[in-house]
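This report refers to the structure that appears directly beneath it.
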Amino acid sequence: MRKNKYSYQNFLIQTRNPVEAMSQALHCFKALSDETRLRLLHILLHYELSVNELVSILRMGQSRVSRHLKILAEAGLLTSRRDGLWVFYMAPERGYGKDFLAAVVPFVDADETMRADLDEAARLIEERARKTRQFFNAIAEDWDELNREVLGSFDLAAEVAAALPDRCALAVDLGCGTGTVLEQLLHRAAGVIGVDGSPRMLELCKRRFSPEQLEEGGPISLRIGELDHLPLRDGEASFASINLVLHHLSSPVVALKEIRRILRAGGQVLVTDFDKHGDESMRTDYGDRWLGFSEEQMRGMLAEAGLDVCSVRRQPVSRGLALLMVLAEKQQA
């Protein structure tokens with residue numbers, strides 16, 4: 001209780017105009033006076049979700065959920081992010097709203113309904129990940145051709161390999177797919193590891209390499225795993241690449257933090273993904289969740305993950321799209 005009291009006092013102390021602060025606080029408390037809005041806020045303190053996903057969790061009509069989201073957002077207790085035709089909501093990560101919630105939320109005891117909401121949200125996130133795995137298993141045979149349709153004549157694998165530092169001991173390709181990048185990395189690194197969540201992709205990847213290369217102690221290791229919990233040790237890799245993968249993830253920052261964990265001090269990661277665009281067909285054709293990232297978004301995610309940006313390059317490709325190729329580094333200990 002003392003910690004909660006201190007948080008609230010600290011919140012008031014940081015406000016320059018106490019009268020204005022109390023007026024804004026009353027606005028916030030009024031926004032929280034509805035049970036549905038409390039449920040929404042409780043969910044969005046843990047997850048970033050679309051309106052349709054929140055409708056599914058609360059089992060309410062879209063207009064009703066949207067009205068409550070608008071009230072919370074107008075009070076500064078939620079932020080929204082538009083990505084093409086979709087709008088995603090989450091609790092604020094900075095500013096007045098974050099400070100207010102930090103002071104007030106500890107006094108709110110989650111009831112059985114609110115706990116059930118979180119369980120349903122977690123199930124929805126897992127279902128989303130399962131569908132993504134199914135999608136990539138289903139299109140694995142056509143993946144290289146689909147990539148060529150998007151990349152055109154741009155040789156992404158060669159560009160990734162060119163970014164490797166000299167005398168690279170171990171390079172990792174995350175979301176390695178059918179192994180196009182791994183094949184190039186092997187020419188420049190003593191050892192390579194490919195990680196993918198799709199068993200079918202890894203089966204196709206194995207075909208690129210000889211049994212001797214893949215045997216224990218060989219230069220190539222293929223591992224099935226999720227990008228939010230990588231099957232690598234702390235500080236194991238000298239270099240990592242993650243290409244056209246982040247836009248499929250619910251939480252790209254979580255994956256970037258995992259990459260930082262598996263990099264040695266001074267190790268680098270090359271992140272390649274689409275620049276922000278509005279091509280909604282990428283969701284249905286390629287299973288995209290994000291319609292790319294602006295350079296500002298990319299820099300912000302890397303900074304949040306504890307990675308320092310070294311360089312940024314923008315590369316136009318096909319379909320009116322462009323890639324952002326961002327090289328970042330894990331600080332020396």
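The values are calculated or read from the model by the stated rules, or taken from the named source; none is laboratory data. In this text, all values refer to a predicted model and were calculated from it rather than measured experimentally. Cβ sites come from the backbone with ideal geometry, for glycine too, and all protein chains shown count toward neighbours. Side chains are part of the model used for accessible areas, which takes the heavy atoms of the whole protein and leaves out ligands, DNA and RNA. Shrake-Rupley method; radii C 1.70, N 1.55, O 1.52, S 1.80 Å.
With N set to the number of residues, divide the alpha-carbon radius of gyration of region 44-174 by 2.2 N^0.38 Å and report two decimals.
1.49
Hey, any idea what the orientation-averaged projected area of the convex hull of region 93-162's Cα atoms comes to, in nm²? If you can, show how the numbers build up before the last one.
Details: hull surface 37.1 nm².
Result: a mean projected hull area of 9.3 nm².
Among the protein heavy atoms of region 207-327, carbon and sulfur supply 47% of the accessible surface, probe 1.4 Å, non-protein parts ignored.
May I ask you to give the percent of accessible area on region 53-185 that is carbon plus sulfur, with a probe radius of 1.4 Å? Reported share for carbon and sulfur atoms: 50 percent.
Taking the convex hull of the Cα atoms, report for region 205-333 its projected area averaged over all directions, in nm². Write down the numbers at each step before the final one.
Details: hull surface 35.7 nm².
Taking a quarter of the hull surface, the average projection is 8.9 nm².
What is the local net charge at residue 188, summed over the other residues whose Cβ is closer than 15 Å to its Cβ (Lys, Arg +1; Asp, Glu -1)? Result for the local shell: -4. For region 188-241, place one equal point scatterer on every Cα, skip the solvent, and apply the Debye formula. What is log10 of I(q)/I(0) at q = 0.12, 0.22, 0.23, 0.27 Å⁻¹? So the normalised log intensities work out to -0.28, -0.94, -1.02, -1.27. Give the label of the value calculated from the structure for Cα extents along the principal axes in Å, choosing from (i) 69, 44, 37; (ii) 102, 41, 41; (iii) 72, 37, 32. Answer by label: (i). Taking all protein chains into account, the per residue accessible area for the chain stands at 50 Å² (1.4 Å probe).
A Gaussian network model of the chain, with springs between Cα atoms under 10 Å, assigns the largest mean-square fluctuation among 43, 242, 139 to 139. All Cα-Cα separations within region 46-119 were binned at 5 Å from zero, giving a P(r) of 3, 14, 22, 27, 22, 10, 2, 0, each value a whole percent of the pairs. Packing, as the average of other Cβ atoms within 10 Å across residues, places the peptides 22-35, 244-257 in the order 244-257, 22-35, highest first.
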